[in-house]
Amino acid sequence: MSGYRLENGGRIDRNRPVEFRFDGHSYQGFAGDTLASALLANGVSLFGRSFKYHRPRGIMAAGSEEPNALISVDRGAGRFTPNLRATSVEIHAGLNAFSQNRWPSLKRDFGAINDRLGMFFPAGFYNKTFMWPRSFWEKLYEPAIRKMAGLGDAPTQEDPDIYASTYAHCDLLIVGAGPAGIDAALEAMGSNKRIILIDEQDELGGGALADPALWPWLERSRKALTDASNVTILTRTTAFGYYHDNFIGAVQRLTDHMPDNSDSPREKLWRVRAGEVVLAQGAIERPLVFDGNDTPGVMLSSAAKVFANRYGAAVGKSVALMTAHDSGWHDVFALAKAGVGIKAIIDVRTEVSSALLDEANRLGINVHLNHSVTGVNGRHRVTSIQICNNDDYLGARIDCDTLLMAGGWTPSVHLWSHSKGSLAWRDEIGAYVPDQPNENVRCVGACSGGWDFGSGVIVDMLPTPKDQSRIKAFVDFQNDVTAKDIKLAVREGFRSIEHIKRYTTNGMATDQGKTSNLNGLQIASTALAKPVTDIGLTSFRPPYTPQTFGALAGHAKGALFQPTRTTNIDGWAAENGAVFELVAQWRRARYFPKMGEDMHAAVNRECVAVRSSVGIFDASTLGKIEVVGPDAAEFLNRMYTNPWKALEPGRCRYGLLLKEDGFITDDGVSARLAPDRFHLTTTTGGAARVLNMMEDYLQTEWPDLDVWLTSTTEQYAVIALQGPNARKLLEPLVEGIDLSADAFPHMAIREGTICGIPTRLFRVSFTGELGFEINVPTAYGRAVWEQLMAEGAKFDITPYGTEAMHVLRAEKGFIIVGQDTDGTITPFDAGLDWAVGKKKPDFVGKRSMARPDIVAPGRKQLVGLLTDDPNVVLEEGAQIVADPRQPIPMTMIGHVTSSYWSETLGRSIAFALVAGGHEMMGGTLHIPMPGKTHEAKVSGMVFYDAEGARLHV
Amino acid sequence: MILIHCPYCDEKRPEIEFANAGQAHVARPLDPSSQSDEEWEAYLFIRANPRGRHHERWRHVHGCGRFFNAVRDTVTDKFETTYKAGEPRR
Ligand SMILES: [Zn+2]
């Protein structure tokens, strides 16, 4: 044996050496090694520092249940992954891995002082010590703890990798490709079933990979399954969660095991819907609980067998076994055959089968029955162990460099529990096994509790003559929870395992207690003198092992996080320098700055242009609903506050929509095209909500009404042409419509053509100026817009954005639902009682307008605000008080909802919601803002052309 | 992700195609103006919050667009049945 690499054996490729780095040092392993096996073969025993006490830690397991050896892998800028298990990281050329939670180095770690101070870190330590005073927690304790405790560092740069995702459907999904999973696949292979076989490791086989006698069978099976056209094999794939109706989430690791970062996706998220699920997740060996059981060199006996038989690596040169189960004996027999030196077998039991004793005898291994390990010597590596007789506590020392633990087995019921299958306790194995399924699922193999590893006894802690309050016998290695902590929790009154778990943090680390839950339960059970089944079982939740955020996010990041809706005119706006903003999912032009203009200057110019000549605005995002049918008018009459039946075809009406609770939810101008046809408009953000609400009433409350609703938002591009020159500009382009004031008054609609394109032409205004809204089929939007720009040059036509639109509408006192209202505002509160049909017997929300709290005085009401200093533009959202000299905290009586500089008026204007505001006209209110409290007078909301002279021309 | 049976499409579809629409069988009073404040409050705001069988409305919003009724167990999240709007309570 050279170093710790065995001369023969293993599935590694000894002809393909691989160079890699760990903590800056170069090492060599072979293709097929994990980081753990390669480092073990190099004689490395120290892999990390523990979470709380910074104790030196080595490898404990060989699979994804490893709690100690968490490492970080750096693949270059933005490609830093913390908290990977060294036992699951495949080595490859250029692998650059680091240990965690140590400073300045793994061997000389400053934080290890915590271990000496352990008596000050009992269970619930954080809760007990750091709750008071608060400022100490924020400034002193938390920063110190963050520096000292914890796992790997979070990456700081944006992740440049791409992540794929897919949906898949199958008749049979098998999770776990050990012997039981492979058998299930072979059995189903001959049917017509579509089968998916998932395994987290790089090759099929599971436990069989550590059993050379099974390799010929494994190779035959692998070939048969690979050749079968109805079987999809996914290796390096972790089924991390089991959701309703046999929906399983899995992440496939595609490129991390390869030497170079590739352009292909790093990982792929599989969302699988399966007809039937077979869980073959196997079982995890349980550590034993004794003083010093976390010393590097103490590990699970099954792991030592995996390292020897699968990877050709010896975990030590002189190995002792502490066992409570037959499986430990079989493991060390296999190790002895592989050439690993076995020093002793210590079994807590008084009797074991003669077959085991005979084999140990034949191999020349010393056996100590009815003994326990009571101490481990060595800090960075085991140097010797202390054992004693369980009855008389007579002890002995055994020199060894490795101590194996075999505490029995825990079936992996994680996914079964995700699926809400019930569990049953089995005393003889001291574990919960799957009982009644909640989905179409069954468990096979070791995860169902059926295994042929032999038998054993369950011990909560190994017997010891030592003072139990002075030893560190670890239960949860990753969260540094000891048996003492669990006993303390019980002494302090915790009874349910759910509470004990949260108080001690047992089982709450990234491994979710894979190796600690059952030992924790047993210790609590003994301390409480109650059977395990009486103290409950904590829940398993996804993910089975930690997964990357990248895999879960997939393509849904950056520009693809959600769709961006653009209008047909958006491209023109982009080419002409528009600054955009998002409104709901729509991208809208906010303003069009000319050279050297800031937003303020651009908006002022755009507003003045609309008031003095003509402006053009892309209003395509307005929600639009076509309401058709003989009962269309009756339906709208019931939905909106206003009367609709008398509206003549060719005329428009402002519609106000309430919810049944009486509060404003939407508004918009709508037109009657024919007795049985309406063109509704809604707010940009409210389109889908309004259509849903209308469908709800139509389908479920008034199914007798003969009405059809169709969303037409995306069918029309809408161009608003606003300003005194709007008609003059439009006249030469429009055919079939008399645009004269008498023939086409304000709030009317006509159908004809513009530039030869069919149009629904609205004469409406959200600016207070003579205005038109030109609806044309979406595909013609930009063409008509460009024609209007060309024709409008002689009027110095000015494109304006949403910011100018907001100022123009505010000057006229028009509200924006959702900005000036907040879901608790009635028409009366908003000063819109004129829009409520007083004679209508019913409409949605009418009854609520008489609710006691809605007719009560003191409601917040919408008013105008004019600052005493006309140059001060209040902050939107600023709070309003009646008396600025009152003590803090002051009584807020309202807030500013809209506030702008009006270039037209040469001063600021604002709207505000103020309690009892309608009664305060002319009164002074105070608005505290950073630096100064401002005074403002309450006013009406129409600041410009109150009589509407500019509209009716 | 749950599969939900749409009684109009007569298909089981993933839940992301559907939207919950609150408790079922809460009919809007035919003449709201005749309702007392207490009756109107009960209609507007008072809802059941059962542990177990719950009648609720769903809309196949990204499918046929129809509202329908369902009986769902609030503990297990399992749908017992779904049926068309207007059919009697099950
Ligand atoms: Zn449907």
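On the given criteria, is residue A:446 of a type outside the set (Val, Ile, Thr) and in a helix (DSSP H, G or I)? Please lay out each step first, then the result.
Details: of a type outside the set (Val, Ile, Thr): yes; in a helix (DSSP H, G or I): yes.
Answer is yes for this residue.
Within the option set A:880, A:893, being hydrophobic (A, V, I, L, M, F, W, C) and either open to solvent by 20 Å² or more (accessible area, probe 1.4 Å) or touching a helix residue (DSSP H, G or I) at 6+ places or on another chain (Cβ under 6 Å) (or both) holds for one residue only, A:893.
Residue B:44 fulfils the conditions (1) away from the ligand (no atom under 15 Å from the Cβ); (2) out of contact with any Pro (no Cβ under 8 Å at 6 or more places or on another chain); (3) closer than 26 Å to residue A:247 by Cβ except for a single criterion, (3). On the phi < 0 side of the Ramachandran plot and part of a strand (DSSP E or B) - does that describe any residue in the stretch A:594-613? The answer is no; no qualifying residue exists. Could you list all residues from the stretch B:48-78 that are more than 10 Å from chain A (Cβ to nearest Cβ), surrounded by fewer than 19 Cβ atoms within 10 Å (Cβ to Cβ) and touching a residue at least 40 places away in the same chain (Cβ under 8 Å)? B:62, B:63, B:64 - these are the residues of the stretch B:48-78 that are more than 10 Å from chain A (Cβ to nearest Cβ), surrounded by fewer than 19 Cβ atoms within 10 Å (Cβ to Cβ) and touching a residue at least 40 places away in the same chain (Cβ under 8 Å).
Of all residue pairs spaced 6 or more apart or on separate chains, those with beta-carbon atoms under 6 Å, a first member in the stretch B:1-15 that is within 13 Å of chain A (Cβ to nearest Cβ) and touching a residue at least 60 places away in the same chain (Cβ under 8 Å) and a second member that is near the ligand (Cβ under 8 Å from one of its atoms) and of a type in the set (D, E, K, R) are B:8/B:66.
I'm checking my understanding of the structure. Among residues of the stretch A:88-124 that are assigned to a strand (DSSP E or B) and charged (D, E, K, R), which one is modelled with the lowest pLDDT? Lay out the reasoning, then the answer.
First pass over the stretch A:88-124, keeping only residues assigned to a strand (DSSP E or B): A:90, A:96-99, A:104, A:109.
Among the residues that remain, those that are also charged (D, E, K, R) are: A:90, A:109.
On the way: A:90: 98, A:109: 75.
Ranking the candidates gives A:109 first.
Test each condition in (1) away from the ligand (no atom under 16 Å from the Cβ); (2) out of contact with any Ser or Thr (no Cβ under 9 Å at 6 or more places or on another chain); (3) at pLDDT below 95 for residue B:2 and report the one that comes out false. Checking residue B:2 against (1) away from the ligand (no atom under 16 Å from the Cβ); (2) out of contact with any Ser or Thr (no Cβ under 9 Å at 6 or more places or on another chain); (3) at pLDDT below 95, the one that fails is (1). Of all residues in the stretch A:661-682, at least one satisfies being of a type in the set (Gly, Ala, Ser), surrounded by 20 or more Cβ atoms within 10 Å (Cβ to Cβ) and within 14 Å of another protein chain (Cβ to nearest Cβ).
Has the stretch A:683-692 got any residue that is without any contact (Cβ under 8 Å) to a residue 60 or more places away in the chain and either in a loop (DSSP other than H, G, I, E, B) or open to solvent by 30 Å² or more (accessible area, probe 1.4 Å) (or both)? Please lay out each step first, then the result.
The first filter runs over the stretch A:683-692 and keeps only residues without any contact (Cβ under 8 Å) to a residue 60 or more places away in the chain, leaving A:689, A:692.
Adding the requirement that they be either in a loop (DSSP other than H, G, I, E, B) or open to solvent by 30 Å² or more (accessible area, probe 1.4 Å) (or both) leaves A:689, A:692.
Yes, that holds for at least one residue.
Within the stretch A:200-258, being open to solvent by 50 Å² or more (accessible area, probe 1.4 Å) and within 14 Å of chain B (Cβ to nearest Cβ) holds for A:243, A:244.
Where helices (runs of 4 or more DSSP H) fall wholly inside the stretch A:302-421, the ranges with 1 or more residues that are closer than 15 Å to residue A:285 by Cβ and among the hydroxyl-bearing types (Ser, Thr, Tyr) are A:326-338. With a requirement of 2 or more residues that are within 27 Å of residue A:74 (Cβ to Cβ), the strands (runs of 3 or more DSSP E) lying completely within the stretch A:247-301 that satisfy it span A:247-253, A:267-279.
In the stretch B:5-27, the residue that is nearest to the ligand (Cβ to nearest atom) out of those that are surrounded by 15 or more Cβ atoms within 10 Å (Cβ to Cβ) and not in a strand (DSSP E or B) is B:8.
The rows are residues; the columns are (1) within 23 Å of residue A:298 (Cβ to Cβ); (2) in a loop (DSSP other than H, G, I, E, B); (3) over 28 Å from the mean Cα position of the chain (by Cα).
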site: A:485; (1), (2), (3): yes, no, yes
site: A:488; (1), (2), (3): no, no, yes
site: A:493; (1), (2), (3): no, yes, yes
site: A:500; (1), (2), (3): no, no, no
site: A:503; (1), (2), (3): no, no, no
site: A:507; (1), (2), (3): yes, yes, no
site: A:510; (1), (2), (3): yes, yes, no
site: A:514; (1), (2), (3): yes, yes, no
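Being away from chain B (no Cβ under 14 Å) and under 29 Å from residue A:855 (Cβ atoms) is the requirement here; does residue A:657 meet it? It is true that residue A:657 is away from chain B (no Cβ under 14 Å) and under 29 Å from residue A:855 (Cβ atoms).
When A:919, A:935 are checked against the criterion of being assigned to a helix (DSSP H, G or I), open to solvent by 50 Å² or more (accessible area, probe 1.4 Å) and either touching a strand residue (DSSP E or B) at 6+ places or on another chain (Cβ under 6 Å) or more than 25 Å from residue A:608 (Cα to Cα) (or both), A:919 stands alone in meeting it.
Name every residue in the stretch B:47-90 that is away from the ligand (no atom under 16 Å from the Cβ) and polar (S, T, N, Q), in order of residue number. Result: B:49, B:74, B:76. Can you spot a residue in the stretch A:619-636 that is in a loop (DSSP other than H, G, I, E, B) and of a type in the set (Ser, Thr, Tyr)? There is at least one residue in the stretch A:619-636 that is in a loop (DSSP other than H, G, I, E, B) and of a type in the set (Ser, Thr, Tyr).
Among the residues of the stretch A:465-487, are any open to solvent by 60 Å² or more (accessible area, probe 1.4 Å) and touching a Phe, Trp or Tyr at 6+ places or on another chain (Cβ under 6 Å)? Checked against the condition, which is being open to solvent by 60 Å² or more (accessible area, probe 1.4 Å) and touching a Phe, Trp or Tyr at 6+ places or on another chain (Cβ under 6 Å), the stretch A:465-487 yields at least one hit.
Looking only at the stretch A:706-721, decide whether some residue is farther than 11 Å from residue A:625 by Cα, in the same structural domain as residue A:789 (by TED's automatic domain parsing) and exposed (fewer than 15 other Cβ atoms within 10 Å of the Cβ). Yes; the residues of the stretch A:706-721 include at least one that is farther than 11 Å from residue A:625 by Cα, in the same structural domain as residue A:789 (by TED's automatic domain parsing) and exposed (fewer than 15 other Cβ atoms within 10 Å of the Cβ).
If you take the residues in the stretch B:28-40 that are at the interface with another protein chain (Cβ under 8 Å from one of its Cβ atoms) and free of Cβ contacts under 8 Å to residues at least 12 places away in the same chain, which one is nearest to the ligand (Cβ to nearest atom)? Result: B:32. Is the stretch A:779-797 home to any residue that is under 42 Å from the mean Cα position of the chain (by Cα) and β-branched (Val, Ile, Thr)? Checked the stretch A:779-797: no residue is under 42 Å from the mean Cα position of the chain (by Cα) and β-branched (Val, Ile, Thr).
In summary, residue A:430 fulfils each of the numbered conditions (1) open to solvent by less than 10 Å² (accessible area, probe 1.4 Å); (2) under 23 Å from residue A:545 (Cα atoms) with the single exception of condition (2).
The values are calculated or read from the model by the stated rules, or taken from the named source; none is laboratory data. Predicted, not measured: the structure shown is a model, and the values here were computed from it. Note: ideal-geometry Cβ built from the backbone for every residue, glycine included; neighbour counts use all protein chains shown. Protein only, heavy atoms only, side chains kept; ligands, DNA and RNA dropped before computing areas. Shrake-Rupley method; radii C 1.70, N 1.55, O 1.52, S 1.80 Å.
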